[in-house]
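Data block below; observations after.
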Amino acid sequence: KTLVDLLSDRINIRTKITVLEWLAEYLKMFNQELQNGNKESYYNVSILARIPTILRGILVNLSDDEIGKKPRLISSLEIRKTASIANDLTMDIIQKSSSSKIDFPSLINLLKELLHSKQYIAQFPAINSIEKTLLATISWIKHLLTNFQNEVMPLLDEVLQNIIEKLYDSEEGVN
């Protein structure tokens, strides 16, 4: 299994925090490579192909929310904080990368899954609320439209309708 696969499994909290911290460090190193102008190496191209998989683990953990279970309160905050850092780094990496190396169809498919997230998020027992994941998903779509409009616009027809539905669905808690 990969580190990202572990984020989707039922693992203990300390392991989840460690995986997210490693992932954030890995993304920082990759981001530094891009800042140094090393955009075309095999390593970088290989990482970009895995961004949708990496992002899946990150976005789901933005909603780690077991407030009310006091022993987990600090752990949940740490998970959400580290997932947020990793999310920001991933967004920055996408921004700096060559659009020809990004797997936009897989990225959009992931975002579509997360917008239909009641069924998807139900797989993760530590997540009681999906609001943060939904908001981050919408933020990703906005980011992609702003920075890669030509690449993502043809892929977004049904996604934009789904966003509108989510914003008006009081059950989702996003409005």
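The values are calculated or read from the model by the stated rules, or taken from the named source; none is laboratory data. In this text, all values refer to a predicted model and were calculated from it rather than measured experimentally. Heads up, the Cβs are rebuilt from the backbone with ideal geometry, glycines too, and the neighbour counts pull from every protein chain shown.
General remarks:
- Checked against (1) at pLDDT 90 or above; (2) within 17 Å of the chain's Cα centre (by Cα), E151 passes all but condition (2).
- The residues on offer are K101, K96, K118, and the sole one that is over 12 Å from L62 (Cβ atoms), charged (D, E, K, R) and modelled with pLDDT of 85 or more is K96.
- Figure legend. Inter-residue proximity from the range 24-53: first residues touching a residue at least 40 places away in the same chain (Cβ under 8 Å) and at negative phi, second residues in a loop (DSSP other than H, G, I, E, B) and exposed (fewer than 15 other Cβ atoms within 10 Å of the Cβ), beta-carbon distance below 6 Å, spacing 6+ or different chains. Indicated pairs: K39/S98.
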